[in-house]
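Comments concern the structure below.
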Amino acid sequence: MTNSFGEFADAKMFLCIGTNMTEAHPVAATFLKNALRKGAKLVVVDPRRQPLAKLADIHCQINVGSDIAFLNGLMNVIITENLYDKEFVANRCDNFEAFKTKIMEYPVERAAEISGVKPETIREVARLLSTVKPAMLCYTLGITEHTTGKDNVMSTANLQLLLGNMGMPSAGVNPLRGQNNVQGACDMGALPNVFPGYQKVIDPAMREKFARAWNVEKLPENNGMMMPHMMEALPDRKIRAFYIFGENLANTEPDIHKVERELASAEFLVCQDIFPTETTRFAHVVFPAASWSEDDGTFSSSERRVNRVRKVKTPPGEAKPNWWIFKEIAKRMGHTWESNSSQEIWDNEVSVLAPALGGIKYSRIEEDGLQWPCPTLEHPGTAFLHRDGMFTHGKGVFNPVDWKAPAEIPDREYPFVLSTGRRLYQYHTRTQTGRSGMNFLMSEETADISPADAQKLGIQQDERIKVRSRRGEVEVRARVTEQVPPGMVWMSFHFREGSANWLTNAVYDPATMTAEYKACAVNLERL
């Protein structure tokens with residue numbers, strides 16, 4: 001997030017696009033609801049009439065996968081009606097003319113045709129955004145889980161640059177992270193192209209610094225492989241050993257049949273997790289890990305805040321802290337790692353090697369944590385990024401992007417579009433919530449369909465139906481709901497038997513390699 005959850009309270013307006021915040025991020029949604037009670041405006045852009053849409057001043061019920069066309073249409077109105085922040089664009093941004101040329105290709109009528117949102121509604125939202133400032137833009141996986149995910153994100157940034165909603169409180173572009181501590185994992189360099197603190201692998205100076213710190217002669221000069229590429233390389237043994245740390249890939253990845261074939265073909269597979277999962281079935285070795293409450297450490301929240309996590313219980317059986325397991329493996333490989341606790345790792349290594357985290361020490365995060373960048377021990381942390389329009393690049397850069405349809409669209413054989421997400425009472429693949437009594441509140445998956453489609457197909461509420469794609473099929477109960485528009489089916493991946501990921505399409509954004517969980521073609525059958 002460029003900004004902070006604390007700034008929600010003073011926000012005058014929110015544009016929430018591709019985020020089912022009330023179910024996927026209920027705590028963040030509480031901050032938003034409190035702001036609405038104080039009079040903040042809310043525009044929701046989502047194919048479903050999900051709970052957040054009920055609170056909105058305007059709900060733009062776009063077609064699945066039409067985000068860029070819709071956003072470009074908004075910006076077309078803002079530019080053609082001269083509503084943009086001219087001073088900010090002129091003094092704080094680059095590449096405006098090339099960007100404007102692209103935006104002019106999306107008159108409101110074209111944007112309406114692609115997105116399914118009426119032209120007058122697009123104009124109304126554009127004018128509202130231009131008159132209420134600052135405004136916070138929030139998005140979640142509804143933006144990123146497309147083959148155009150990177151372009152979707154750039155389009156949201158284009159809009160906030162155009163409106164001048166950057167570098168100030170209660171503004172900015174604010175992605176709500178999809179998994180627990182995914183922000184912290186990225187901060188620590190769990191990405192194939194950066195070291196801890198987002199220092200580039202391809203930078204010789206960074207490689208030299210980390211090689212020296214890690215006591216190795218040299219480090220690879222090129223970025224590493226993305227996870228889908230690794231998995232696809234397992235069957236032909238281009239990847240011979242695969243180490244899965246805290247991830248249930250056999251349920252979370254698209255096209256489960258394909259994933260299981262890849263995992264089964266691994267020459268050597270290691271899993272490190274807190275419970276047995278569908279993925280550990282394929283492992284040659286399983287390391288039992290301590291859970292979050294069984295060791296000291298840190299988490300980073302969506303707002304870049306590094307918080308303490310404190311041990312409250314002893315790990316059961318042979319379970320050990322993750323850092324201890326990694327250290328012992330390194331020891332067997334001939335490396336002696338000096339740090340002997342989570343605190344030592346952070347204070348003596350992480351904060352020393354990552355400048356953005358340099359001022360964050362355990363002694364400073366006993367209370368409410370600190371937000372990076374926090375470069376020195378005297379620095380208070382950074383509540384919002386790009387203050388006064390000062391960007392890493394120098395100026396904000398407009399990136400012209402074109403709309404592209406999802407990789408798989410409905411046809412005669414598969415006439416419905418399936419989109420996936422999360423439900424309030426379960427989390428991910430239920431590795432934890434499935435063991436904690438949450439089944440009392442939600443015990444099985446459903447396929448959410450519109451009343452119009454249910455009537456046309458003769459499907460009754462709670463009737464068991466078959467949902468079929470080109471990759472697989474599942475049998476689930478039908479949930480007939482006004483939340484879903486005609487032509488759409490909505491499901492989650494929480495339950496193994498009825499998981500949407502038996503159906504989803506293993507196609508990816510070419511840059512980020514994020515799967516297109518939000519769009520594939522399916523058919524419905526009565527049983």
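In whole Hz, what ³J(HN,Hα) sequence does the stretch 126-137 give by Karplus (6.51, -1.76, 1.60; θ = phi - 60°), x for Gly and Pro?
4, 5, 5, 4, 7, 9, 10, 9, x, 10, 9, 9
Sorted from fewest to most neighbouring beta carbons within 10 Å, what does the list HIS494, HIS146, HIS335 look like?
Details: HIS494 23, HIS146 28, HIS335 12.
Placing the least packed residue first, the sequence is HIS335, HIS494, HIS146.
Which value in deg cm²/dmol, rounded to the nearest 500, describes the helix-derived mean residue ellipticity at 222 nm for the chain, given -39,500 (n - 2.57) per DSSP H run of n ≥ 4 and division by the residue count?
On the way: 18 runs with 147 residues, N = 527.
When only DSSP H runs of four or more count, the value is -7500 deg cm²/dmol.
With charges only on Cβ, +1 for K and R and -1 for D and E, what is the dipole size of the stretch 416-526 about its Cα centre, in debye, rounded to 20? Numbers along the way, then the final one.
Working: 15 positive and 13 negative charges, 41 e Å.
Charge dipole, the stretch 416-526, about its Cα centre: 200 debye, nearest 20.
For the chain, count the residues as N, evaluate 2.2 N^0.38 Å, and divide the Cα radius of gyration by that value, please. All intermediate terms of the calculation are to be shown ahead of the outcome.
Values: Rg = 23.7 Å, N = 527, 2.2 N^0.38 = 23.8 Å.
Normalised by 2.2 N^0.38 Å, the Cα Rg of the chain equals 1.00.
Specify, per residue and in Å³, the volume enclosed by the convex hull of the alpha carbon atoms belonging to the stretch 182-379.
Numbers: hull volume 27.1 nm³, N = 198.
In the stretch 182-379, the Cα hull volume divided by residue count equals 137 Å³.
What is the distance, in nm, between label points placed 7 Å from the Cα along the Cα-to-Cβ direction at LEU424 and at PHE326?
Going by the 7 Å Cα→Cβ label model, 3.7 nm.
Taking the Cα centre of the stretch 5-176 as origin, sum charge times position over the Cβ atoms of Lys and Arg (+1) and Asp and Glu (-1), and report the length of that vector in debye to the nearest 20. Numbers along the way, then the final one.
Numbers: 18 positive and 18 negative charges, 97 e Å.
So the magnitude is around 460 debye.
Among the trypsin sites (Lys or Arg not before Pro) in the stretch 197-247, which ones are in a DSSP loop with at most 11 other Cβ atoms within 10 Å of the Cβ? Mind listing them?
On the way: sites: LYS200, ARG207, LYS209, ARG212, LYS218, ARG237, LYS238, ARG240; in loops: LYS218, ARG237, LYS238, ARG240.
Those that pass, being in a loop and sparsely packed, are LYS218, ARG237, LYS238, ARG240.
Near the amide H of VAL194, under 5 Å away, which other amide H atoms are found, from residues 5 or more places off or on another chain, if H is placed in the peptide plane?
Those lying under 5 Å, H to H, from VAL194 are VAL201.
Using +1 at the C-beta of Lys and Arg and -1 at the C-beta of Asp and Glu, which of PHE99, ALA69, PRO26 has the Cα lying farthest in the positive direction of the dipole of the stretch 1-124?
Looking along the dipole axis, the top candidate is PRO26.
Could you give P(r) for the stretch 5-176, binned at 10 Å from zero, as whole percent values over all Cα-Cα pairs?
11, 42, 38, 9, 0
Please compute the volume of the convex hull spanned by the alpha-carbon atoms of the stretch 416-526 and report it per residue in Å³.
Details: hull volume 11.4 nm³, N = 111.
About 102 Å³ per residue, rounded to a whole number.
Among GLY421, ALA454, MET513, whose Cα projects farthest towards the positive end of the dipole of the stretch 416-526, with charges put on the beta-carbon of Lys, Arg (+1) and Asp, Glu (-1)?
In the stretch 416-526, that residue is MET513.
From the cross-link list LYS102/LYS395; LYS38/LYS361; LYS150/LYS200, which pairs have alpha carbons spaced over 25 Å apart?
Numbers: LYS102/LYS395 20 Å; LYS38/LYS361 36 Å; LYS150/LYS200 19 Å.
From LYS102/LYS395; LYS38/LYS361; LYS150/LYS200, over 25 Å: LYS38/LYS361.
Throughout, read-outs are computed from the coordinates displayed, never taken from laboratory work. Not measured: the values here are computed from a predicted model. In this analysis, Cβ positions are derived from the backbone assuming ideal geometry, glycine residues included, and neighbour counts consider all displayed protein chains.
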